[in-house]
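Everything on this sheet refers to the single structure shown next.
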Amino acid sequence: MTPARVLTVAGSDSGGGAGIQADLKTMLALGVHGMSVVAAVTAQNSVGVQGYWELPVEAVQAQLASVLGDIGVQAVKTGMLASPALVAAVAEVLATVDAPVVVDPVGVSKHGDSLLAPEAVGNVKTRLLPTATVVTPNLWEVEQLTGVKVEDEDDLPRAADAILALGPKWALIKGGHLPGEAVDLLTDGTIEHHYRAERLDNRHTHGTGCTLASAIASYLALGHDMPTAVEQAKTYVTGAIAHGFPLGVGIGPVDHGWRWRNDELP
């Protein structure tokens, strides 16, 4: 039996904690077949991003055509796209894909290093987000895309409305940077779902956003509806954060294989 197929279109993390490496580890952990389109290559470790290099647009287009034309997908996840040209090229293809699209609008790394050219923000807003089934911004990305600053949980609905106005079907506003428990808001503009988890005392959280978006895409590919996919993904990533481990001298990654190491099924 061929497993469900999920495609990530993102950047490579040489340290293995985020980006395409995190996406593929998450997909394997959740029982789907992960495929990748590399949009950029980073030199990255536990202390930061030392540099990144975009792939040529034609290389990204060729990878997309290769996977979509032969293998097909049950879901797509996008991450770091780096430049206006890459955002536009990927959005053009995703507009033709008949499968859920999870957009993680990556702007900066965990260490605060920019991963999206400032001039690319406009294309993310006008071209990429309208192709999305769900967009998963953190609070900094909400402000970058909409100008809405979230200071407490009461601001989450306003942030979601601003993201939905840009065209996606669903918005998942991640409140992990707010004080107190970790609360996320999912809405399609008519119904709200709140997902809460205890805030964990672990600094090793590199790759959290990539992992959550990939987990959502995996559960959608497995046939779950959006609220259930997000709920299951939140449970998985909370466990991955709880088991995050030190790597190098800086911020270590979440543990994508925590269920295997703890004898739990996906």
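If we keep just the residues of region 212-265 that are assigned to a helix (DSSP H, G or I), within 20 Å of Gly19 (Cα to Cα) and among the aromatic types (Phe, Trp, Tyr), which is farthest from the chain's Cα centre (by Cα)?
Trp258
Which of the residues belonging to region 1-44 are in a loop (DSSP other than H, G, I, E, B) and over 24 Å from Ala85 (Cα atoms)?
Met1, Thr2, Pro3, Ala4, Gly15, Gly16, Gly17, Leu30, Gly31, Val32
Starting from residues that are within 17 Å of Gly15 (Cα to Cα) and surrounded by fewer than 17 Cβ atoms within 10 Å (Cβ to Cβ), keep the ones in region 86-113 and report whichever is modelled with the lowest pLDDT.
Among those residues, the one meeting the criterion is His111.
Test of understanding: among Ser14, Ser36, which residue is surrounded by fewer than 23 Cβ atoms within 10 Å (Cβ to Cβ), in contact (Cβ under 8 Å) with a residue 12 or more places away in the chain and more than 15 Å from the chain's Cα centre (by Cα)?
Ser14
Could you please find all residues in region 1-22 being polar (S, T, N, Q) and farther than 18 Å from Val90 by Cα?
Within region 1-22, Thr2, Ser14, Gln21 qualify.
Mind checking whether some residue in region 143-163 is under 17 Å from Ala85 (Cα atoms) and not in a helix (DSSP H, G or I)?
There is no residue in region 143-163 that is under 17 Å from Ala85 (Cα atoms) and not in a helix (DSSP H, G or I).
For region 188-199, state whether one or more residues are β-branched (Val, Ile, Thr) and surrounded by 14 or more Cβ atoms within 10 Å (Cβ to Cβ).
no
Any residue at all in region 171-184 that's modelled with pLDDT of 95 or more and more than 19 Å from Pro137 (Cβ to Cβ)?
no
The values are calculated or read from the model by the stated rules, or taken from the named source; none is laboratory data. Computed from a prediction, not measured in an experiment: that's the story for all the values here. Note: ideal-geometry Cβ built from the backbone for every residue, glycine included; neighbour counts use all protein chains shown.
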